[in-house]
Every structure is written in structure tokens, then in C-alpha cells.
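One structure below.
The values are calculated or read from the model by the stated rules, or taken from the named source; none is laboratory data. Predicted model only: the values in this text are computed from it and were never measured. Cβ atoms come from the backbone with ideal geometry, glycine included; neighbour counts cover every protein chain shown. Surface areas here come from the heavy atoms of the whole protein model, side chains and all, with no ligands, DNA or RNA. Shrake-Rupley method; radii C 1.70, N 1.55, O 1.52, S 1.80 Å.
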Amino acid sequence: MTLQDDSTAYLAWQSGATEQRLHWHSEAGNPPPKRVQEADDQIAADTAYKLACEGTGLLWRGDFQNARLLLQALGRRVDRARERALAKSRGKAAAETPAQAFHHHRQMQAQRARILGMLLIPLEAGFSIPLRRAPDVQAACREAYGADLAGTAFSVSLRELQGLIGAHEWRKKGVEIDALGGRIHPYYGVFSPVRGEYVDLVAQAPLPSTTLAFDIGVGTGVLSAVLARRGVRKVVATDMDARALDCARENLQSLGLLRQVELQQADLFPPGRAPLIVCNPPWLPARPSSPIEHAVYDPDSRMLLGFLNGLAQHLEPQGEGWLIMSDFAEHLGLRAPGMLADAIAAAGLEVVARHDIKPRHGKAADRDDPLFVARSKETTSLWRLRARA
């Protein structure tokens, strides 16, 4: 069962004759499992899979490394079940539209995440794991959770915990950005600039001015850094997410560019006008299911349309707005082919030029990817826009 106390979620379960409870946390905002039972190294993978499919959370009390192995075993069972379902509906799947294939793919991903999210790990105050052979996750948890959760014991899904550990390693290692001759270090929950083609577009397009630029939706700070390296004397960068602003600040500081960039927490535009305004909004008009997906999914194209509709009143005369967009949504049938051109015209804008590049990421060449047909046609573009006279 689950309990609510002052809007704080708890797990509750029986341990022998004693009722236990523990705070619950999910960065994605997922509710705690309605049923919870303790599990350890003795549980069979098939039993754990059945319980997880039924919605029972398994609070792990055994060896931590065995929990990792069990999660892998659950993943294999989920994938086999998916393959069987696909085999049964092979003819139907062949007749699916790209949009139907996309939504089906997301449903399968959500189901997989739900089942794997039923394997739970306890954390003590200070972010230590009270299990045998457990790793030290204190640094990873401090980076992701901050100080708010440090003083309490709570439980998270092992899948989320692995994401924190992976993000911690990404943050330490960083992502090499050729256009910067340096590395960007993404925070947990801030989308990593692994698709370098859009960065190259911003690094190569002709600058209309080097006096001032706005960077709308700064994220890791990569585009602000590129603009500053290209000689733009001042960049005003905005984001709604405080974590993204902290991430951008650290990256710009490490690159020696923070003096050129002013960071502001704002929805879209800062006050004033600029001769160059850059925006790389989420490319797919769908609803995100986790914080990190806000960088990919833009419900009802809110950010895209907000940028276009507000651009003219924030551009200086003869200034340019750079919109970086993929046409992946068009190939998936999620956005009508003429929608972007119509939105540009409706916002009182005209196209100065368009610079295109093909994606280089691994999925673009992965024929086993369920969305390969759409990915193989994808083009990423930098649209240079200005207010129509």
C-alpha cells in the first residue's frame, strides 16, 4: 500500500509481523507502487517478473550486485515478451503509419520502464545504500538530488539509481565538442549535446552581428559557448530550469567564457532586443514522460510557436533569429509538412536562408530501430529568420 503524509509519498509493507514504511522519491514524478514486498537473492527472476508486471514493488534486501543482475534478467523477459507481441502482430505493424509506429514504440518503452521500475533500492540518510557490495553513490545523489533529500532515508527504483550513476560518470567525463575544442559536462536531467550536427550548424552559419545574442533554452550552455567562441561579445542565455542554468554556468566557467554570457531564469525571451537570437527547441510535439524528455518533446509545439510568435518583437532591425530544428516529426507524421513554414509566415517572419545537415548519431544507421525509416530521412536545419518588412 502507499501512504500520503503532508504530500510526501511513502512505501508501506509488512516485514514479518511489523508494518514498515519508507519515504519514496522519483525524479520523473512517478507514484510509488501500490503494493510492496521485500525481496532478496533467493527470489527467482520469473517470480520477480510476474510480481513486477502485476505492479508489486520489490524492495531489495539482498546483495546489491545481485539486484543489478536481476534487473538485467527482468529486462530480458520484457524484451522477449515484446518480441512475441511484435511477431503476433507483424502484419498489422507493417500497415502502421509512422505516427502509429512512434506511439506504439513509446507505449512499449513506457511499459518497459514501469516494469523495471518495480525493483527498489533503499537509501539511508546521507545517500548511503545499506546493502552488501553496494557502490558509493553519495556524489551521484548529491549532484542529482541536492541537499533536500540528504537528511532522510528513502527508496528509489534501481533503474533511476543507475541513471544517476551514469549521469555522474558523463558529468565527470564530459562530451567533446569539436566546435569548442573542449568538453561540455552535462548535469543529471540536462540533455547532453551528443548530436553534434546542430552544434556544427551554429558554428558555421554567418553571424549577422557580434555585439549581442540571445540563447533561448540554454541547457548545458553549448550554443552560448559556441557563440562566445565565435566572437559574440555578449550572450544573454535563458532557461526555465534552475538545474540547466547551474550546468551552463559551470560549463561556461570551465571554458573561460562566463564573462561573455549572462544567464537568466526566464520562459523564452529576456527583456530587450538583439541582432541575433538562437533557439534549439524540442523537436517532437509530444508529451514528455520524465524531466530529461522535456529537451526532446514539446507538447503542442509550445516552445517552438512561442519562439516564432515572439521573435519579431525581440529582434533588432535586420536582425536574425536562428531556429535549429529537425524534420523528424514530419517524417513520423507528428507534424504536417507545411506546418513550420505556415507558422513562420503567421509570425510575420521570412526565411533569409536555410542550412541543412544529415544526422550522424548511431540510430540513423540502425535498421533494427523501429523508427529507422523516419530516421533515415531526417535532416537537421538551421533556419535564418528575420521580421518581414
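The slack between R142 and T47, meaning 0.36 nm per residue of separation minus the straight C-alpha distance, is 30.8 nm.
Determine, from the Cβ-Cβ distance of T379 and V352 and an R0 of 22 Å, the FRET efficiency 1/(1 + (r/R0)^6), rounded to the nearest 0.05.
Details: r = 18 Å, r/R0 = 0.83.
Calculated value: 0.75.
With the simple spin-label model, which puts each label point 7 Å out from Cα in the Cβ direction, the A12 to Q72 separation comes to 3.8 nm. Summing charges over neighbours of L51, with a neighbour being any other residue whose Cβ is under 14 Å away from its Cβ, gives +1 when K and R count +1 and D and E count -1.
Rounded to the nearest 5, what % of the DSSP beta bridges within segment 25-147 are antiparallel ones?
Working: 1 of 8 bridges.
Percent antiparallel among DSSP bridges in segment 25-147 is about 10.
Of interest is the spacing of the C-alpha centroids, which for segment 136-153 and segment 295-346 amounts to 38 Å. Relative to the compact-globule estimate of 2.2 N^0.38 Å, the Cα radius of gyration of the chain comes out at 1.10. Treating the angle as unsigned and between 0 and 90°, give the value, to the nearest 10°, between the Cα long axis of helix 98-116 and the longest Cα principal axis of the chain. Computed tilt is about 40 degrees.
Report the full-extension gain for the segment S254 to T97: residue separation times 0.36 nm, less the Cα-Cα distance, to one decimal in nm. Display every interim value, and only then the final one.
Numbers: separation 157, 0.36 × 157 = 56.52 nm, distance 4.62 nm.
Taking S254 through T97 to full extension adds about 51.9 nm, to one decimal.
Fully extending the segment from D300 to R132 would add 55.8 nm, taking 0.36 nm per residue of separation and subtracting the current Cα-Cα distance. In segment 191-242, a dipole from Cβ-located charges (positive for Lys and Arg, negative for Asp and Glu) runs towards its positive end, and of G221, A242, S192 it is G221 whose Cα lies farthest in that direction. With both labels modelled 7 Å from their Cα along Cα-to-Cβ, the R388 to K172 distance reads 5.4 nm.
Solvent-accessible area of the chain (1.4 angstrom probe, protein heavy atoms only): carbon and sulfur portion equals 49 percent.
Could you check the simple spin-label distance between A336 and A110, using points 7 Å along Cα→Cβ, in nm with one decimal? About 2.6 nm separates the two model spin labels. The calculated FRET efficiency for the pair S26 and F372, based on their C-beta separation and a Förster distance of 30 Å, comes to about 0.45. For segment 35-90, the solvent-accessible area of protein heavy atoms averages 53 Å² per residue (probe radius 1.4 Å; ligands and nucleic acids excluded).
Taking the Cα centre as origin and putting +1 on Lys and Arg beta-carbons and -1 on Asp and Glu beta-carbons, what dipole magnitude results for segment 210-359, to the nearest 20 debye? Walk me through the numbers on the way to the answer.
Working: 13 positive and 17 negative charges, 93 e Å.
That gives segment 210-359 a dipole magnitude of about 440 debye.
Set the Förster distance to 22 Å, then compute FRET efficiency between Q264 and K234 from the Cβ-Cβ distance, nearest 0.05.
0.95
Eigen-decomposition of the gyration tensor built on the alpha-carbon atoms of segment 1-158 gives equivalent ellipsoid semi-axes of 31, 18, 16 angstrom, largest listed first. Note on segment 304-354: Rg/Rh from Cα positions, Kirkwood definition for Rh, rounded to two decimals, is 0.98.
For segment 259-382, report the accessible area per residue in Å² (1.4 Å probe, heavy atoms, rounded to an integer).
With all protein chains present, segment 259-382 gives 47 Å² per residue.
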